[in-house]
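Right, one structure below, let's go through it.
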Amino acid sequence: MSTLLSKLLTLLLLILISGGVARAATLSISCGAVGKELSLCRQGVEAWSQRTGHHVKVVATPNSATERFALYQQILASHSSDIDILQIDVVWPGTLAPHLVDLSQYIGGDVTQQYFPALIANNTIAGKLVALPWFTNAGVLYYRKDLLKKYHAQPPATWQQLTATARRIQDAERRAGNPRMQGFVFQAKGYEGLTCDALEWIDSFGGGALVDADGTVTVDNPRAVAALQLAASWIGDIAPQGVLNYDEEESRGVFQSGNAVFMRNWPYAWALGNAADSPIRGRIGVVALPAGGPDGHQTGTLGGWQLAVSRYSQHPELAADLVRHLTAYAEQKRRAIAGSYNPAIPALYRDKEVLAAVPFFGTLYTTFEHAVARPSRIAGSKYARVSAEFYYAVHDVLSGKTEAAPALAALQSKLTRLSRGGQW
Ligand code: GLC
């Protein structure tokens, strides 16, 4: 009898185990692949898989935020269940919300209150929490400490100073035998990255943030014109013509190979520039981006990425659990130390290990806290068009096709029409 019982128990156990295995689900997550993003995403996902027994496919997406957005729109418009978890840009919640799950049904207030409240507000659309903050960022200025020292220069406080210092060091280095030296590299390809850079120039000159808090389009003003005129003067002077086709990684390529004095980029470039195989390891300084002269102020565009669950996922609860794991304190700390991805959790900016790995998370805390937002909340689902009109216009000015004043006047009327006179 007892052997029969034990056989029965074994059988029961086997059924339970095999049932358990059969229930292992496969999720898929789309991750960015800029810098160390993809490998950090894989490692984070792997830890969750090991703990839960579920499989996860990691899908790499295009580096350009503009291309990634187009891809997501296609996938979501077809209601495809192919991607469960989407890495979404800080400017997309308003547009993608109809396709995303309300995470507050799975994730409590005790979890959400640890993030920057502004990010939770950004990710809450019509009362629905559509994404959790994964990492935040703002544009910063990288410079070569060794070159500035060699030429007795200070990190610039204004764009005018940057222009002069970049030119002086670039010319001297070229004469000294490096014909490839550039003064300044940044993102001027026609895509979302140029919207970020150009917003920084305009805001730093006191020219506003394209649209004001009431929804009125403000882009056509004399300070914005002056900002774009100065930026256009860089092309072919302190920046190569090729910058008109640079995204983040192309700028980093030039700077990290030792061929630029200054670079505008996001914080992720710090970890890579200081990696063991980097020619400029230990020679990089990071400060806030310059102000646009005495009437301007230092600023940086708010960027960053969130994790959202698709409404068409067949495993929304499980997907939300993976999102919770990836956006948790421990994982954000690991990513900050290994990849210099800014935590979206304020407490991590007081963590000694994080600050030792990325000192400017401490020194530039206010830059990150007061970063200037692109007008995505006010423009809602029209944001992608606003941004595209803006970067097309700026690209035309930089490439010398139009002058700044008429380009901004034309943009002002286009955006005013698109906004229905500021009502959106
Ligand atoms: C970075 C930012 C993101 C921005 C993009 C533009 O990835 O985090 O917010 O849209 O750059 O290229």
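The values are calculated or read from the model by the stated rules, or taken from the named source; none is laboratory data. Just so we're clear, the structure is a prediction, and the values are computed from it rather than from any experiment. Note that we place each Cβ from the backbone using ideal geometry, even for glycine, and neighbour counts take in every protein chain shown. Keep in mind that these areas ignore ligands, DNA and RNA; they rest on the heavy atoms of the full protein, side chains included. Shrake-Rupley method; radii C 1.70, N 1.55, O 1.52, S 1.80 Å.
Going residue by residue through the stretch 368-388, is there one that turns out to be in contact with a helix residue (DSSP H, G or I) (Cβ under 8 Å, 6 or more places away or on another chain), away from the ligand (no atom under 14 Å from the Cβ), without any contact (Cβ under 8 Å) to a residue 24 or more places away in the chain and open to solvent by 60 Å² or more (accessible area, probe 1.4 Å)?
no
Which pairs do you get when a residue that is under 17 Å from V394 (Cβ atoms), found in the stretch 244-255, comes within reach of a residue that is open to solvent by less than 30 Å² (accessible area, probe 1.4 Å) and of a type in the set (S, T, Y), reach meaning Cβ atoms under 7 angstrom, with the pair 6+ apart or on two chains?
Close Cβ pairs satisfying both conditions: D247/S64; D247/Y191.
In the stretch 318-332, which residues are of a type outside the set (A, V, I, L, M), within 30 Å of L199 (Cβ to Cβ) and more than 16 Å from the ligand (Cβ to nearest atom)?
Answer for the stretch 318-332, where residues must be of a type outside the set (A, V, I, L, M), within 30 Å of L199 (Cβ to Cβ) and more than 16 Å from the ligand (Cβ to nearest atom): just E331.
Open to solvent by less than 10 Å² (accessible area, probe 1.4 Å), farther than 25 Å from E200 by Cα, among the aliphatic types (A, V, I, L, M) and within 16 Å of the ligand (Cβ to nearest atom): which single residue out of L132, L141 fits that description?
Answer to the selection: L132.
Give the number of residues within the stretch 170-219 that are of a type in the set (F, W, Y), out of contact with any Gly (no Cβ under 8 Å at 6 or more places or on another chain) and within 16 Å of the ligand (Cβ to nearest atom). Give the steps one after another, and end with the answer.
We begin by selecting, within the stretch 170-219, every residue of a type in the set (F, W, Y); these are 184, 186, 191, 201, 205.
After this cut, where a residue has to be out of contact with any Gly (no Cβ under 8 Å at 6 or more places or on another chain) as well, the list is 184, 186, 191.
Remaining after also requiring within 16 Å of the ligand (Cβ to nearest atom): 186, 191.
Residues that pass the stated criteria total 2.
Kindly indicate the residue of the stretch 97-115 that is within 21 Å of the chain's Cα centre (by Cα) and of a type in the set (S, T, N, Q) and also most open to solvent (accessible area, probe 1.4 Å) among those meeting that condition. Break it down stepwise before answering.
So the first thing to find is which residues in the stretch 97-115 are within 21 Å of the chain's Cα centre (by Cα), and the list is 97, 100, 112, 114-115.
Checking which are of a type in the set (S, T, N, Q) leaves us with 112, 114.
Values: T112: 26, Q114: 57 Å².
Residue satisfying both the conditions and the ranking: Q114.
Condition (residue is in contact (Cβ under 8 Å) with a residue 60 or more places away in the chain and either of a type in the set (K, R) or not assigned by TED's automatic domain parsing to the domain that holds A393 (or both)) applied to the stretch 166-180: is it met by at least one residue?
Yes.
Just checking, which of P359, P267, P290, P343 is surrounded by 18 or more Cβ atoms within 10 Å (Cβ to Cβ) and in the same structural domain as L132 (by TED's automatic domain parsing)? Steps first, answer last, please.
Details: P359 fails: surrounded by 18 or more Cβ atoms within 10 Å (Cβ to Cβ); P267 fails: in the same structural domain as L132 (by TED's automatic domain parsing); P290 fails: in the same structural domain as L132 (by TED's automatic domain parsing).
On inspection, the qualifying residue turns out to be P343.
So that you can scan it fast, the table gives a plain yes or no per residue for (1) open to solvent by less than 10 Å² (accessible area, probe 1.4 Å); (2) on the phi > 0 side of the Ramachandran plot; (3) in the same structural domain as C196 (by TED's automatic domain parsing); (4) within 16 Å of the ligand (Cβ to nearest atom):
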| residue | (1), (2), (3), (4) |
| --- | --- |
| N221 | no, no, yes, no |
| A227 | yes, no, yes, no |
| S233 | no, no, yes, no |
| P240 | no, no, yes, no |
| A271 | no, no, yes, yes |
| G282 | no, yes, yes, no |
| L307 | yes, no, no, yes |
| R311 | no, no, no, no |
| P316 | no, no, no, no |
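Run C41 past the list (1) open to solvent by 30 Å² or more (accessible area, probe 1.4 Å); (2) within 16 Å of the ligand (Cβ to nearest atom); (3) at pLDDT 95 or above and report the number of the one that doesn't hold.
It is condition (1) that C41 fails.
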